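Chemist: After the structure tokens below, expect a handful of questions from me.
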Amino acid sequence: LKTTSVLDHETTATLSIRARVSDERNAVLEKVFIISVIDGDEVHLSNAALAENLATGTLVGEFNVTDPDENSTHSFSLVDGTGSIHNHLFSLDSNGTLKTATLLDREANATLNIRVRATDEQNASVEQIVAITVTNKNEPPTDVRVDNALIAENQPAGTIVGNLSLVDPESGGEW
């Protein structure tokens, strides 16, 4: 018997399964089993979204742990492993305060994945991948260009000198 998906106690605390067995003479027995999904340690981030281009050191959120051991205290760290690709973009203190370590750019990465370890006073730990969403902040154009900056003197009013275009990081091009 094995699972076919990730189980979550908060979604489904118990599962009912029916097992059917038969022998070589086709005699059948069916039995229902109730499987309890126990609530294990889970890491939670108080806020998992922030705007792009905020100053380095901006508070993202606070980590805490759901731990079946009452009154446990935890220390937190960013760890290498599956899902740690963006760890370098953040700093995490041992109390669970997550801050940016650089400017974040939504156009480069709208979702950032970090891997967090929470360790309790008995040295038991849980690791979890946490996704952080980088929201868009409208950025101003970065340049204005003219395709022709020359005009002969004495031209009548309304003569076209050239075309202006702007460079916009939001659209990824020129207009």
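The values are calculated or read from the model by the stated rules, or taken from the named source; none is laboratory data. The model shown is predicted, which means the values in this text are computed figures rather than measured ones. Every residue, glycine as well, gets a Cβ built from its backbone with ideal geometry; the counts of neighbours run over all protein chains shown. Protein only, heavy atoms only, side chains kept; ligands, DNA and RNA dropped before computing areas. Shrake-Rupley method; radii C 1.70, N 1.55, O 1.52, S 1.80 Å.
Chemist: Counting heavy atoms of the protein chains only and a 1.4 Å probe, report the per residue accessible area for the chain as a whole number of Å².
Modeler: Details: 11960 Å² over 175 residues.
Per residue, the chain has 68 Å² of solvent-accessible surface.
Chemist: A follow-up question, please. Could you grab the relative contact order for the chain? Cα pairs under 8 Å, six or more apart, rounded to a whole percent.
Modeler: Working: 324 pairs, mean separation 29.7, N = 175.
Contact order relative to length: 17 percent.
Chemist: Here's something else I'd like to know. Find which of ALA101, SER91, SER125 sits farthest along the positive direction of the dipole of the chain, computed with +1 on the beta-carbon of Lys and Arg, -1 on that of Asp and Glu, about the Cα centre.
Modeler: With unit charges placed on the Cβ atoms, the residue in question is SER125.
Chemist: Hey, any idea what % of the chain's accessible area is carbon plus sulfur with a 1.4 Å probe? Please list the in-between numbers first.
Modeler: Working: 6060 of 11960 Å².
The nonpolar share, carbon plus sulfur, comes to 51 percent.
Chemist: Note down the Stokes-Einstein diffusion coefficient of region 89-128 in µm²/s, whole number, using a Kirkwood radius over alpha carbon pairs, 20 °C, and 1.002 mPa s. Display every interim value, and only then the final one.
Modeler: Numbers: Rh = 12.0 Å.
Result for D is 179 µm²/s.
Chemist: Dividing the alpha-carbon Rg of region 66-122 by 2.2 N^0.38 Å yields what? It would help to have the intermediate numbers written out before the result.
Modeler: On the way: Rg = 13.4 Å, N = 57, 2.2 N^0.38 = 10.2 Å.
Relative to the 2.2 N^0.38 Å estimate, region 66-122 comes out at 1.31.
Chemist: Hey, another quick one. Which of the lysines could be linked to LYS31 by a straight reach, that is with a Cα gap under 26 Å, when you skip same-chain ones fewer than 8 residues away?
Modeler: Straight-line reach from LYS31, under 26 Å: LYS2.
Chemist: If the only charges are +1 at each Lys and Arg Cβ and -1 at each Asp and Glu Cβ, what is the size of the charge dipole of the chain around the Cα centre, to the nearest 20 debye?
Modeler: Details: 11 positive and 27 negative charges, 111 e Å.
Around 540 debye, computed over the chain.
Chemist: What fraction, in whole percent, of alpha-carbon pairs in region 62-161 exceed 24 Å separation?
Modeler: Values: 2355 of 4950 pairs.
Taking all Cα-Cα pairs of region 62-161, the fraction more than 24 Å apart is 48 percent.
Chemist: Then there is this: Using the Cβ atoms and a cut-off under 9 Å, what net charge is assigned to the surroundings of VAL21, where Lys and Arg are +1 and Asp and Glu are -1? All intermediate terms of the calculation are to be shown ahead of the outcome.
Modeler: Working: positive: ARG20, LYS31; negative: ASP23, GLU30.
Charge balance in the 9 Å sphere: 0.
Chemist: Given a cut-off of under 8 Å on Cα pairs at least six residues apart, what relative contact order in percent is computed for region 1-90? Before the final figure, lay out the partial values.
Modeler: Working: 84 pairs, mean separation 18.0, N = 90.
Worked out over region 1-90, it gives 20 percent.
Chemist: Dipole of region 1-75 (Lys/Arg Cβ +1, Asp/Glu Cβ -1, origin at the Cα centre): which of SER5, ASN26, SER75 lies farthest to the positive side?
Modeler: So the residue furthest toward the plus end is ASN26.
Chemist: Using only the Cα atoms of the chain, what are the Rg and Dmax in Å?
Modeler: Considering the chain through its Cα atoms, Rg and Dmax are 28.3, 107 Å.
Chemist: May I ask you to compute the full-extension gain from LEU59 to ARG145, defined as 0.36 nm times their residue separation minus their alpha-carbon distance, rounded to one decimal in nm? Working shown, then result.
Modeler: Working: separation 86, 0.36 × 86 = 30.96 nm, distance 3.75 nm.
Additional length available on full extension: 27.2 nm.
Chemist: Still on this structure, please answer the following. Roughly how many debye, to the nearest 20, is the charge dipole of region 1-100 about its Cα centre, given +1 on each Lys and Arg Cβ, -1 on each Asp and Glu Cβ, and no other charges?
Modeler: Details: 6 positive and 15 negative charges, 99 e Å.
Computed about the Cα centre, the dipole is about 480 debye.
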